[in-house]
């Protein structure tokens, strides 16, 4: 196959890149897809993950899955919509794994306290003062993490990615009316969670 320049790949549409990838230039074409959408997928991952390292891991997993299943993309929707669906699944997987990891740590802690006879119901350390010193984006990330996945996804796509209600509906598999309702309720819940976290703009 002839050698194609970097500029050639960068000027192709998403659909063209997918076709090029499936015809033997997958590393070059997919590299452009990665560069094109990495930040947006990372932004979504940040709304689910507990810290930036976890978000980076989730982002990498999204593109690994996309790379492996690129042949399944039929072009019936925008490439980002397809990537976003993969990202949602990866984020949900991460949340589930994180939940079980936290549960295991709590179980280990409980048994260690039982074994040593320490007080199981000691008063937790307050963290409000530390939270108040963090940047606004840290508050936002934590508040987003407290929303349900449905509310969080709709709000992130609208406010951070600037997608239309129709595009969000296609990505999430629901109607525009449902999207608008979720975003409205998500904004309300987000404000409440920011107050709970101690954030004062």
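What the table shows:
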| item | result |
| --- | --- |
| The stretch 41-72: number of residues that are part of a helix (DSSP H, G or I) and either surrounded by fewer than 18 Cβ atoms within 10 Å (Cβ to Cβ) or not assigned by TED's automatic domain parsing to the domain that holds residue 20 (or both) | 13 |
| Contacts under 9 angstrom Cβ, first residue in the stretch 154-174 being closer than 15 Å to residue 86 by Cα, partner surrounded by fewer than 20 Cβ atoms within 10 Å (Cβ to Cβ) and at pLDDT below 80, 6 or more apart | 168/161; 170/77; 171/77 |
| Filtered residue count, the stretch 148-201, keeping only those that are surrounded by 21 or more Cβ atoms within 10 Å (Cβ to Cβ) and under 13 Å from the mean Cα position of the chain (by Cα) | 7 |
| Condition broken by residue 99, with the remaining ones in (1) modelled with pLDDT of 50 or more; (2) part of a helix (DSSP H, G or I); (3) in contact with a helix residue (DSSP H, G or I) (Cβ under 6 Å, 6 or more places away or on another chain) satisfied | (3) |
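Table: residues versus (1) over 20 Å from residue 97 (Cβ atoms); (2) over 15 Å from the mean Cα position of the chain (by Cα).
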| site | (1), (2) |
| --- | --- |
| 31 | yes, yes |
| 39 | yes, no |
| 44 | no, no |
| 47 | no, no |
| 54 | no, no |
| 69 | yes, yes |
| 72 | yes, yes |
| 78 | yes, yes |
| 85 | no, no |
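The values are calculated or read from the model by the stated rules, or taken from the named source; none is laboratory data. Quick caveat: nothing in here was measured; it's all calculated off a predicted structure. All Cβ positions, glycine included, derive from the backbone under ideal geometry; neighbour counts span all protein chains shown.
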